[in-house]
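A quick write-up on the structure given underneath.
The values are calculated or read from the model by the stated rules, or taken from the named source; none is laboratory data. Note that this is a predicted model, so its numbers are computed, not measured. Note that we place each Cβ from the backbone using ideal geometry, even for glycine, and neighbour counts take in every protein chain shown. SASA here: full protein model, heavy atoms, side chains in, ligands and nucleic acids out. Shrake-Rupley method; radii C 1.70, N 1.55, O 1.52, S 1.80 Å.
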Amino acid sequence: MQLMPLSITEYYVRNEYFLSRKITFKNCKKLPHLTVTHTDLFTSRNKIPLYFLILELFLACFPIKKKGKLHLFLKLREIIFMSELNSPHSKGQKISLPDAFARAAQLAAQGKLRQAEKICNDIIVANENFHQAAHLLGQIAFRDQKGKVAAQMTHKAILIDGSIAEYHRDLAEILSVAGKPKDAMIVIERALKINVNDPKSHYIAGIALSALGERPKSIEAYKKAVELNPKFGLAYNNLGSALESSGDVASAKEAYAEAVEINQTHAEAQNNLAAILISEGDVEGATKHLEAAIVARPKFIDPHYNLSTIKKYTDDDVHIVQMEMIAQNTSGLPMDARIRLCFALGKAYEDAGKYEQSFDMYGAANKAKRKTFKYNEERAIETGEEIKSSFDKVYLKGLKKSKKDDPLPIFVVGMPRSGSTLIEQILCSHDDIHGAGEVIFLTQAIQKRCNKFPAGVADLTDADISAISEEYLAQLKALAPGAKRIVDKMPSNFYYVGLIAKIFPGAPIINTARHPLDSCLSNYSRLFNHTMEFAYDLEELGRYYNRYQDLITHWHKVLPKKTLLDVHYEKVVADLEKEARNLIDFVGLDWQDSCLEFYNNKRTVHTASVTQVRQPIYKSSVKRWKKFGTALDPLKKIVCPELM
């Protein structure tokens with residue numbers, strides 16, 4: 001009998017790859033064409049032992065039924081593997097599969113993942129039903145950020161033994177990280193049915209529920225996790241995030257503090273706690289936690305960025321050096337982190353007087369950010385024109401304030417970064433005024449009854465107008481039930497000024513104005529929490545500013561006098577008392593000197609101007625644009641062509 005040479009796809013593979021070996025034997029005289037195919041998982045860096053090749057040859061040449069052949073192959077394979085483990089090369093120590101797995105688990109715990117992975121794969125070669133090894137391989141792949149392999153191996157472990165809650169829990173975590181929260185919830189529910197007292201299962205459930213928008217349920221899941229394990233720092237941090245998103249900032253602060261207390265090197269918790277302290281004006285406390293976060297994880301960019309927003313840099317600041325070192329190699333950073341780092345360096349260089357370097361960083365940050373989304377500027381232009389057509393003098397004719405009108409709302413609108421936070425801070429330093437910040441209540445109420453703004457405005461009935469008013473006021477009052485006035489300072493509400501005048505006749509509307517170049521530069525040099533699609537390209541930003549200004553001009557033409565007040569940032573800086581008195585008079589309240597000491601107001605502020613409104617009036621932001629010379633020429637051509 002003459003056999004042709006064996007054709008083998010590979011003798012060995014590395015790590016996570018499956019090896020499909022197809023061995024073909026051709027007997028020219030007696031044996032028919034025969035193919036033996038099987039798939040095993042190998043990670044050995046050495047060649048597959050000759051034993052396996054001999055075994056396959058043996059099985060191929062004997063007339064054993066297919067099912068019996070596979071059974072015999074698997075059994076002989078385990079025998080061969082065990083003999084290999086217990087050979088003289090294994091240092092004279094006999095070892096069982098459970099002992100081999102214990103060694104693999106120990107190595108994995110020590111961070112020696114490749115060694116642990118090899119042992120687990122060798123175990124599966126010997127016994128493919130050894131589910132513990134499959135599960136550990138899944139965990140190793142998960143740590144290596146190989147989600148697909150991690151899911152496959154963990155699922156294999158579950159198929160072998162589905163009674164172990166840990167396997168279901170870990171698969172749910174893998175699915176959640178992969179962006180499949182619905183699937184994760186299905187799997188984690190199985191884990192909780194097996195073991196309802198596992199704190200990590202409740203933690204994973206909280207992550208999936210948060211991703212699904214089920215915030216109250218996610219809060220309960222995290223609370224259960226920390227109840228079962230009071231030292232569960234990760235759960236405390238996520239609980240804080242969920243609470244903060246729900247508006248319970250005080251409880252969120254406590255949860256973050258617990259996480260930090262449990263582990264001082266928990267960088268995310270340190271950063272999150274610092275963010276709340278920043279909003280409260282505690283710059284010193286925030287700095288301490290941000291620096292702790294940076295020490296714990298030097299390449300975690302969020303604390304670097306947040307620190308850059310609250311400190312004033314000098315040329316020899318060590319933090320600039322730290323960020324520059326990270327910037328030398330950003331290949332391991334996600335894009336959003338690279339963007340934040342560029343914005344932070346831009347701010348640092350500007351403080352240090354290196355304006356050319358600063359603008360280079362701002363430019364790189366904005367260019368990268370702009371690539372992450374699509375912006376339909378043509379539609380934005382059309383919307384502006386439609387608003388002017390819909391809200392003409394005819395539509396707004398006869399607007400009169402009634403005694404029945406609720407005097408509660410004060411609207412502050414304008415370009416972002418135009419001084420609106422300062423104006424709100426001055427107003428709410430009055431005893432009768434509460435600052436709500438940038439709330440979206442008005443947009444939500446309008447969208448419920450006007451499917452397409454502004455085209456749908458013509459179809460709004462008096463009942464619709466009343467319903468929008470009632471819903472909006474109810475949400476606003478819930479923020480401060482005892483307040484006589486509440487400031488809504490959502491800048492983009494300048495689009496709704498005509499409808500605001502229709503819904504709330506006589507409600508004071510304040511437009512915060514600023515030099516166009518300073519206003520646009522302030523947008524261009526800042527990364528917004530919410531995507532401001534117009535803000536990341538100088539020319540698009542300039543055209544947006546012109547459309548904003550065009551609409552403000554339109555409102556002044558069609559609205560009754562004293563409906564809309566322009567407050568210029570430069571005038572407020574030049575004569576605070578005069579402008580502050582005009583503001584309080586415009587909203588119909590008696591003057592209080594506390595409005596001049598707005599920087600002593602301890603309310604929480606969530607905008608980019610949080611540190612500025614904690615200080616007395618300063619003039620350094622006026623004519624800031626002059627520092628950057630010709631770099632702003634593309635913007636000047638659009639908003640200030642007379643300066644070219």
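Of all aspartates and glutamates in the structure, the ones whose alpha carbon falls short of 14 Å from that of residue 299, not counting any fewer than 8 places away in one chain, are 268, 291, 324, 336.
Near residue 392, within a Cβ-to-Cβ distance under 13 Å, what is the net charge of the other residues, with Lys and Arg +1 and Asp and Glu -1?
+3
The share of alpha-carbon pairs in region 131-254 lying farther apart than 16 Å comes to 60%. Compared with the direct C-alpha span, the chain from residue 182 to residue 390 gains 70.6 nm at full extension, assuming 0.36 nm per residue.
Quick check on region 484-625: take the gyration tensor over C-alpha atoms, sort the square-rooted eigenvalues as a ≥ b ≥ c, and tell me if it's rounded (a/c under 1.5), prolate or oblate. Judged from the Cα gyration tensor, region 484-625 comes out oblate (a/c at least 1.5, b/c at or above a/b).
Peptide packing for 267-279, 209-221 was compared via the average number of neighbouring C-beta atoms within 10 Å per residue; ordered from the highest value, the list is 267-279, 209-221.
Subtract the Cα-Cα distance of residue 444 and residue 315 from 0.36 nm times their separation in residues, and report this length gain in nm to one decimal.
Net length gain for the segment: 41.8 nm.
Using the structure shown, list the pairs from 231/253; 347/374; 182/217; 288/623 with a Cα-Cα distance above 23 Å, or answer none. In this structure, 347/374; 288/623 exceed 23 Å between Cα atoms.
Let me make sure I get this right: for region 282-370, a, b and c are the square roots of the gyration tensor eigenvalues over alpha carbons, sorted descending. Under 1.5 in a/c it's rounded, otherwise prolate if a/b > b/c, else oblate. Which is it? In terms of gyration-tensor shape, oblate.
Taking amide H atoms as placed 1.01 Å from N in the peptide plane, the amide H of residue 513 lies under 5 Å from those of 567, 568, 569, each 5 or more residues away in sequence or on another chain. Residue 440: net charge of surrounding residues, Cβ under 13 Å, Lys/Arg +1, Asp/Glu -1, itself excluded? Here the count lands on -1. The aspartates and glutamates within cross-link reach of residue 112, meaning a Cα-to-Cα straight distance under 15 Å and a gap of 8 or more places when in the same chain, are 144. Would you calculate the separation in nanometres between label points at residue 106 and residue 575, each defined as 7 Å from the Cα along the Cα-to-beta-carbon direction? The two pseudo-label positions are separated by 8.2 nm.
Shape class for region 421-512: prolate, because the ratio a/c of the largest to smallest gyration tensor axis (alpha-carbon atoms, square roots of eigenvalues) is 1.5 or more and a/b beats b/c. For region 540-591, the list of chymotrypsin sites (Phe, Trp or Tyr not before Pro) that fall in a loop by DSSP and count at most 15 other C-beta atoms within 10 angstrom reads 591.
With both labels modelled 7 Å from their Cα along Cα-to-Cβ, the residue 264 to residue 459 distance reads 6.3 nm.
Give the peptides 332-340, 504-512, 454-462, 436-444 in descending order of average Cβ contacts within 10 Å, highest first.
504-512, 436-444, 332-340, 454-462
With 22 Å as the limit on Cα-Cα distance, the pairs of 561/636; 571/619; 156/180; 393/477; 146/180; 311/369 that go past it are 561/636; 393/477; 311/369. Counting Lys and Arg as +1 and Asp and Glu as -1 over every other residue whose Cβ lies under 13 Å from the Cβ of residue 368, the net charge comes to +3.
Overall, the accessible surface of region 355-424 at a probe of 1.4 angstrom is composed of carbon and sulfur to the extent of 51 percent.
Stretching the chain fully between residue 624 and residue 642 yields a gain of 4.7 nm (0.36 nm per residue, less the alpha carbon separation).
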